[in-house]
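*Asks:* This is the structure, below, for whatever I ask next.
The values are calculated or read from the model by the stated rules, or taken from the named source; none is laboratory data. In this text the structure is predicted, and so the values were computed from the model without any measurement. Every residue, glycine as well, gets a Cβ built from its backbone with ideal geometry; the counts of neighbours run over all protein chains shown. To get the accessible areas, we keep the full protein, side chains included, count just its heavy atoms, and leave off ligands, DNA and RNA. Shrake-Rupley method; radii C 1.70, N 1.55, O 1.52, S 1.80 Å.
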Amino acid sequence: MTAEMMTTRPRRAIFFISLATLLFEVLITRIFSVTMWYHFAFMAISVAMFGMTAGALIVYLAPEYFRKEKIAERITSFSILLSATILFSFLMHLAMPFADPRSLSGVVALGLNFTVISLPFVASGILITLLLTKTTDEAGNSTNVGSIYAADLAGAGLGCVGIVFILKFADASTAIVITSFIATLGGLVYRPLRLLARGQRRFALVASCSMLLLACIGGYVSTTGHALFRLLFVKGLPDRDLVYERWNSFSRVAVYDDLGTTPFGWGFSDALPKGIKISQYNLNIDANASTPVTHFTGNFDSVQYLKYDVTNVAHSIRPNSDVLVIGAGGGRDILSALLFKQKSVTAVEINDNIIEAVTKKYGDFTGHFDRYPNVHLVNDEARSYVARSKDKFGLMEISLIDTWAATAAGAYALTENALYTEDAWQVFLDHLKPGGVLSLSRWYGNGMPGEMYRMATLATQTLLDRGVKDPRSHVLVVKNDVSQGMETPKWQIGTLLISNQPFTDSDIVALHQVCQDRHFEIMVEPTETKDKHYDEFFSPDYKTHIASMVLNLSPTSDDKPFFFQMLSIMNVFNPEIFSERIFHLNIMAVVTLVGLLLVVLFLTISCILIPMILRAKKTNLAGSSMSFIFFSAIGLGFMIIEIAQIERFSVFLGHPVYGFTVSLFSLLISSGLGSLSTQSLSFGKLRGRSIFWAAALLGVLLIVGILTPGILHNFASSTTPVRIMLAAVILAIPGFFMGMAFPIGMKSVSKSLEHITPWLWGINGAMSVFASVLAIILSMEAGITVAYWTGSACYVIAAISLIRQQSAKTGQRLVA
């Protein structure tokens, strides 16, 4: 046995490789959200996992190149390659503008982009497969897969938390360089440097030190509000000059060097006085959403134009109120409340970078309105803040708040939103004073105002569940009128007003007066509507009407929180959805998702069949059918449950970032501990332990699935730290037993089928990719609960196949 093989450290190596891999995977979802559109960001997980699956299959198909005596050399080399390709693929992505994928050139460009991005994951897949299936311990024996897999999961778990902290202090390009540096550590720690060949040692050290130096430079540049490598294209267009830029796991917040002089916003009517001159910056979020940062000196004459914004219509019928603004943004809703002389303003904003920009960087520009005695600015998640608040409000405002941008969870979560569900609206109405108003403003498409229609059915169901017999008397709908002297645009803004008591005659008179003065159009009032659909949407039997519509307008709940996704999978191929009046970005998101499902299904089947065909004459697959089913089932089950829980806890914790970080960290760390617990498991005790594992896991999944919804409901008003700890415990218990599955399965084939373990690892990865898309579709169509039970059913199949496999082996030994 050579000294080279006796002094390897696979656990340390796989820890750093997995850490770098997950950091890069999450980073590209953030970057895709800025450079592309959010519905392409959730494709990042498929690109990542298929790249890793390809790496595993390369190891399986090239056994001579990856002989055990060459493993140490290969691991060092591929770690350096991983580091290099992380930086290379990022720089190449920056240089390639995003093109419309509905054209052939766009499809080609998108395919090239994803191919380049997949290169680091191929290198990572090769490394992880080698470390899990080919490495040896100090005695030259195959290392214990349980402890190595535990280190793998621990590195990935740290990565999902680490990215949140890295992006607090660095921009995305610096975070990429930090990730590249971490990747080099995998090769450096695998074996002592003295055992590396001189050239390889020198090259590895130069690569590692170079990345570390570049990361330090990037960290310094980040402190100045700029990036080490700036984005060249955003949403397919050249990026403009920036005067301010900050990244975090929520967003990229940027301010461009162009001071606006005219009022910005889609909610203004044509009554807005002409020639108004103001000063304002547009605070840009992920190169998509914008919120104005308005110059304010304390003179309210300079912001009188805000009265002509339809999002502010509720102030005219609920004057002298305590106002709660959900989503403070650049502060315009706060200024509006002050302009209307409201009693107090509490504004909740979850993104600390936005608060810092408005109150510090541009605090003098905005007049430090946050320092007014009747203004209270809160950095918190709004729904839980309201739920635990003891205050009651006369008016709550939610104006164009959404999470279209992919957060650090974007690849997993697909824009579920905790603010637009029946459960959330019940909380909001509970915290209104008698007669208080909840004001919600959304886009109003002239062809098909889907968001307003869905808010209508959501309001109806919320009121019905509160015992309201006539929902129509509790709602008003207003939109801005731009019909005089200009062409009607494709998009306007509509505002839905909901009260916990019927609107009074004086409310209606006040509304008519303000709408007449400011050219707003009343679409719904208690006795009249200007759109016949609203007559049905606000009636108790609204479900009959929406069943015949091409869009899914059913009310959203915490179990199906996808407010913006209005296209049912069953209608994807309906040509009507591609008409100009219906088709928009969120429709494109679902079409993309279905297309992705078909692609990954094809690639998953290919990853299974192609290696079988290529190695059919050289590999004996006899007795592998149960192993094939087992590794397929645990790949499907783990990913489906993981994504279902991320979606569930995104709603419970208030934001996909929290759901992603807590869910993934808890599942990966607890799974790592479960894997570690199998380290001392001997082959002779495998059958008994397999039965114990199956019974324990299925029992825990059953109990957690039944109890979790009620537990989350009872703790919905708890503080964020309490909810995080509760979520971690709920996730960790099944995670421990889920983590035992892979090492138990690998031990079961270690003697008879060791030669196909890389292929089985690849099958596990391929099924995980398919599950990542399937889980989202299941959640959207049937609900998060159904997705969870589907994942649990996969573990039932896994348990049966494992026990049958063990029984067959026991029978063979008895016959022998």
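*Asks:* What translational diffusion coefficient, to the nearest whole µm²/s, does segment 225-284 have by Stokes-Einstein, given a Kirkwood radius computed over alpha-carbon pairs, a temperature of 20 °C and 1.002 mPa s viscosity?
*Replies:* 156 µm²/s
*Asks:* Still on this structure, please answer the following. Bin by bin, in steps of 5 Å, what percent of the Cα pairs in segment 710-759 do you find, going until the bin that has the longest distance?
*Replies:* 4, 17, 17, 12, 10, 9, 8, 7, 8, 6, 1
*Asks:* Given a Förster distance of 41 Å, report the FRET efficiency between Asn288 and Thr504 from their Cβ-Cβ distance, rounded to the nearest 0.05. All intermediate terms of the calculation are to be shown ahead of the outcome.
*Replies:* Details: r = 40 Å, r/R0 = 0.97.
Using R0 = 41 Å, I get an efficiency of 0.55.
*Asks:* Ignoring solvent entirely, what values of log10 I(q)/I(0) come out of the Debye formula for segment 128-244 at 0.13, 0.20, 0.21 Å⁻¹ when each Cα is a single scatterer?
*Replies:* Taking Cα atoms of segment 128-244 as identical point scatterers yields -0.71, -1.15, -1.19.
*Asks:* Per-residue counts of other Cβ atoms within 10 Å, averaged by peptide: what ranking do you get for 78-85, 596-603, highest first?
*Replies:* Descending packing order for the listed peptides: 78-85, 596-603.
*Asks:* Compute the Rg/Rh shape ratio of the chain: radius of gyration over Kirkwood radius, all on alpha-carbon atoms.
*Replies:* Numbers: Rg = 28.3 Å, Rh = 28.2 Å.
Taking Rg over the Kirkwood Rh, I get 1.00.
*Asks:* Using mean Cβ contacts within 10 Å as the protection proxy, how do 61-68, 369-376, 189-196 order, highest first?
*Replies:* On the way: 61-68: 13.0, 369-376: 15.0, 189-196: 17.4.
So the peptides 61-68, 369-376, 189-196, ranked by packing, come out 189-196, 369-376, 61-68.
*Asks:* Whole number in Å², please: accessible area per residue of segment 270-423, 1.4 Å probe, ligands, DNA and RNA not counted.
*Replies:* That works out to 33 Å² per residue.
*Asks:* With a 1.4 Å probe and all protein chains kept in place, how much accessible area does Val386 have, in Å² rounded to the nearest 10?
*Replies:* 0 Å²
*Asks:* Which order do Lys307, Lys530 take by accessible area at a 1.4 Å probe, largest first?
*Replies:* So, going from the largest accessible area down, we get Lys530, Lys307.
*Asks:* When a/c is below 1.5 the answer is rounded, else prolate if a/b is larger than b/c, else oblate, so apply that to segment 146-201 with a ≥ b ≥ c taken from the square roots of the Cα gyration tensor eigenvalues.
*Replies:* Because a/c hits 1.5 or more and a/b fails to exceed b/c, segment 146-201 counts as oblate.
*Asks:* From the helices alone, meaning DSSP H stretches of at least four residues, give me the mean residue ellipticity at 222 nm for the chain, per-run term -39500 (n - 2.57), in deg cm²/dmol to the nearest 500. Show your work: numbers first, answer last.
*Replies:* On the way: 27 runs with 447 residues, N = 816.
The helix contribution divided over the chain gives -18500 deg cm²/dmol.
*Asks:* Right, something else. Which one, Leu338, Tyr362, Met92, projects farthest toward the positive side of the charge dipole computed for the chain from Cβ point charges (K/R +1, D/E -1)?
*Replies:* Of Leu338, Tyr362, Met92, it is Met92.
*Asks:* Mean separation of Cα pairs under 8 Å and 6+ residues apart, divided by the residue count of segment 192-308: what relative contact order is that in percent?
*Replies:* 16 percent
*Asks:* Moving on to the next point. Name the shape class, rounded, prolate or oblate, that the alpha-carbon gyration tensor gives for segment 276-315, where a ≥ b ≥ c are the square roots of its eigenvalues, rounded holds for a/c under 1.5, and otherwise prolate holds if a/b is larger than b/c and oblate otherwise.
*Replies:* Judged from the Cα gyration tensor, segment 276-315 comes out oblate (a/c at least 1.5, b/c at or above a/b).
*Asks:* What does the highest-first list of 791-801, 210-220 look like by mean Cβ count within 10 Å?
*Replies:* Details: 791-801: 20.7, 210-220: 17.0.
Per-residue Cβ counts within 10 Å, averaged per peptide and sorted highest first, yield 791-801, 210-220.
*Asks:* Cα-based Rg (one decimal) and Dmax (whole number) for segment 332-402, in Å?
*Replies:* When restricted to the Cα atoms of segment 332-402, Rg and Dmax are 12.3, 34 Å.
*Asks:* Take the alpha-carbon positions of segment 457-552, form their convex hull, and give its projected area averaged over all directions (one quarter of the hull surface) in nm².
*Replies:* If you wrap the Cα atoms of segment 457-552 in a convex hull and average its projections, you get 7.1 nm².
*Asks:* Next up: I need to check one value: relative contact order of the chain, counting alpha carbon pairs closer than 8 Å and at least 6 residues apart, in percent.
*Replies:* Dividing the mean separation by the residue count of the chain yields 15 percent.
*Asks:* Please sort through the DSSP H helices of the chain and keep those with an alpha-carbon extent of at least 30 Å along the long axis and a Kyte-Doolittle average not below -0.5. The partial results should precede the final answer.
*Replies:* Details: long enough: 10-35 (36 Å, 1.31); 71-95 (35 Å, 1.48); 104-133 (41 Å, 1.97); 145-169 (36 Å, 1.65); 198-222 (36 Å, 0.85); 585-614 (42 Å, 2.70); 625-653 (41 Å, 1.52); 686-714 (41 Å, 1.38); 757-781 (35 Å, 1.24); 784-815 (47 Å, 0.55).
Once both thresholds are applied, what remains is 10-35, 71-95, 104-133, 145-169, 198-222, 585-614, 625-653, 686-714, 757-781, 784-815.
*Asks:* Give the ranking of Trp443, Trp789, Trp247 by solvent-accessible surface, highest area first, calculated with a 1.4 Å probe.
*Replies:* If we order Trp443, Trp789, Trp247 from most to least accessible, we get Trp789, Trp443, Trp247.
*Asks:* Just to be sure I understand: of the beta bridges DSSP finds with both ends in the chain, what percent are antiparallel, rounded to 5? Mind dumping the intermediate values first?
*Replies:* Details: 39 of 59 bridges.
Taking every DSSP beta bridge with both residues in the chain, the antiparallel ones total about 65 percent.
*Asks:* Accessible area of the chain with a 1.4 Å probe: how many percent of it is carbon plus sulfur?
*Replies:* 62 percent
*Asks:* Would you please calculate the Kirkwood hydrodynamic radius of segment 283-439 over all C-alpha pairs and express it in Å, rounded to one decimal? Kindly include the intermediate steps, with their values, before the conclusion.
*Replies:* Numbers: mean 1/r = 0.0619 Å⁻¹.
Computed over segment 283-439, the radius equals 16.2 Å.
*Asks:* Turning to a different aspect of this structure: How much length is gained if the chain between Lys274 and Phe573 is pulled fully straight, taking 0.36 nm per residue apart and subtracting their Cα-Cα distance, in nm to one decimal?
*Replies:* Here the answer is 103.1 nm.
*Asks:* Then there is this: Which FRET efficiency, nearest 0.05, do Arg194 and Val599 yield, Cβ-Cβ r, R0 45 Å? Walk me through the numbers before you get to the answer.
*Replies:* On the way: r = 47 Å, r/R0 = 1.05.
Working from the Cβ atoms, E equals 0.45.
*Asks:* Heavy atoms only, probe 1.4 angstrom, no DNA, RNA or ligands counted: give me Glu451, Glu69, Glu781 ranked by accessible area, highest first.
*Replies:* Correct descending sequence by accessible area is Glu69, Glu781, Glu451.
*Asks:* Could you compute the net charge surrounding Glu356? Neighbours are other residues with a C-beta less than 13 Å from the C-beta of Glu356; K and R count +1, D and E count -1.
*Replies:* Summing Lys/Arg as +1 and Asp/Glu as -1 gives 0.
*Asks:* Considering only Pro192, Gln426, Leu707, whose Cα is most displaced toward the positive end of the charge dipole of the chain, charges sitting on Cβ of Lys, Arg (+1) and Asp, Glu (-1)?
*Replies:* Positive-end residue among those listed: Pro192.
*Asks:* Let me ask another. How big, on average over all directions, is the shadow cast by the Cα convex hull of segment 637-796, in nm²?
*Replies:* Across all orientations, segment 637-796 yields a mean hull projection of 9.4 nm².
*Asks:* How big is segment 516-563 along each principal axis, measuring the range of its Cα positions in Å and listing the largest first?
*Replies:* 42, 21, 20
*Asks:* Compute the projected area of the convex hull of the Cα atoms of segment 184-254, averaged over all viewing directions, and report it in nm² to one decimal place.
*Replies:* Approximately 7.0 nm², given one-decimal rounding.
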